Amino acid sequence: MNTVFADPPFNLGKRYGQRTNDAKAEAEYIQWCKQWLDQCVRVLAPGGSLFVYNLPKWNIILGAYLMQAAGMEFRHSIAIEMKSSLPIPGRLYPAHYSLLYFSKGKPKTFRKIRTPIELCRHCSGEIRDYGGHRHAMNPLGVNLKDVWTDIPPVRHWKFKSQSRKANALSTKILDRVIEMSTVPGDLVLDPFGGSGTTFAVCEQRDRRWIGIEIDYTAQIIERLRSGDVKHHRNEDVVEEASWPLAAE
Ligand SMILES: C[S@@+](CC[C@H](N)C(=O)[O-])C[C@H]1O[C@@H](n2cnc3c(N)ncnc32)[C@H](O)[C@@H]1O
């Protein structure tokens, strides 16, 4: 496996299918996560990448485990802005999810992604002045940061509203994960398939994939067959010269 992307239930007491208990005791949830993480690390090829999407509360613990016990190499902790969340009494307003990015040893593939220069929604002017160095910037855009504020919410998908309640991620997250860490023909595993977003993006981008899903496999197959996948607009550019990393 060249890349594993895991978006497990967050243990928030959500209703998934009949086989998922999303209200485990905290210690039991962490133990369960460590078990499937071990298997993800096991099946990764040397130099492969592992991405874990979760609440910061859980990813702090899981990231430490991956580094200290599972021998994985830390690459990034990516903050993905939540577009809608509710205030929690006595806490800061939660505004991001965590996407951990590890590699199994030195990464085999890391492709540099550039994103368009940010424009104001109202006047279309550029938001930042880049410290007076705007003229020297790469016309393809700026280097992808580890804070992603441009991920659109997933709404009104026929699949999401009618067939299941579980969260479907934006295809833009998977576009980035897959383009950054794999090349066409590589193999991607998603052990928590959900609505099949990872698989749809792999199909679109010529990656091979293996999926695991405990409850919704029929819906995933139907979604992929019917093409009911709304790919979010994505203006990222992959800098082809940025891989392979062997020369580094
Ligand atoms: C947060 S959702 C994943 C959403 C997915 N990333 C998407 O974009 O559609 C988590 C999924 O994990 C599945 N799941 C829960 N426990 C599982 C297990 N032990 N093995 C496989 N899948 C499981 C649930 O049924 C649910 O569909």
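Where a number appears in this text, it was derived from the coordinates with a stated rule and is not lab data. If you're wondering where the values come from, they're calculated on a predicted model, not measured in any experiment. No Cβ is skipped: glycine too gets one built from the backbone with ideal geometry, and neighbour counts run over all protein chains shown.
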- Rg from C-alpha atoms of segment 1-119, normalised by the globular rule of thumb 2.2 N^0.38 Å, equals 1.17
- Query: Where does the longest stretch of the chain lie that holds no trypsin sites (Lys or Arg not before Pro) found in a DSSP loop with 14 or fewer other Cβ atoms within 10 Å?
  - Reply: 166-232
- Item | Antiparallel bridge percentage (DSSP; both residues within the chain; nearest 5) | 60
- Which of LEU169, LEU12, LEU37 fluctuates most in a GNM of the chain (C-alpha springs under 10 Å)? That residue is LEU12
- Enumerate the calculated ³J(HN,Hα) couplings along segment 136-142 in order (Karplus 6.51 cos²θ - 1.76 cosθ + 1.60, θ = phi - 60°), each rounded to whole Hz, writing x wherever the residue is Gly or Pro. 8, 7, 5, x, 6, x, 9
- Query: For HIS96, which sequence-distant residues (separation of 5 or more, or a different chain) have an amide H within less than 5 Å of its own amide H, given hydrogens modelled in the peptide plane?
  - Reply: MET82
- Taking Rh as the Kirkwood radius computed over alpha-carbon pairs of the chain and applying Stokes-Einstein at 10 °C with viscosity 1.306 mPa s, one gets a diffusion coefficient in µm² s⁻¹ of 82
- Message: Using Cα-Cα distances under 8 Å and only pairs 6 or more residues apart, what relative contact order does the chain have, in percent?
- Response: 24
- For segment 170-225, alpha-carbon Rg relative to the globular expectation (2.2 N^0.38 Å, N residues): 1.04
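Any of LYS34/LYS57; LYS24/LYS172; LYS83/LYS172; LYS108/LYS145 with alpha carbons more than 25 Å apart? Name them for me. List each step's numbers first, then the result.
Values: LYS34/LYS57 15 Å; LYS24/LYS172 30 Å; LYS83/LYS172 14 Å; LYS108/LYS145 20 Å.
Those over the limit are LYS24/LYS172.
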- Query: Most fluctuating residue of VAL177, VAL142, VAL229 in a GNM of the chain with Cα springs under 10 Å: which is it?
  - Reply: VAL142
- Note on the structure: Mean-square fluctuation maximum in Gaussian network of the chain, Cα pairs under 10 Å, restricted to THR197, THR217, THR171, hits THR217
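With the Cα gyration tensor of segment 82-212 giving a ≥ b ≥ c as the square roots of its eigenvalues, does the rule (a/c under 1.5 for rounded; else a/b larger than b/c for prolate; else oblate) give rounded, prolate or oblate?
Details: a/c = 1.78, a/b = 1.16, b/c = 1.53.
In terms of gyration-tensor shape, oblate.
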- Message: Using each residue's phi in segment 187-195, evaluate 6.51 cos²θ - 1.76 cosθ + 1.60 at θ = phi - 60° and report the 3J(HN,Hα) Karplus result to the nearest Hz, with x for Gly and Pro.
- Response: 10, 10, 10, 10, x, 10, x, x, 8
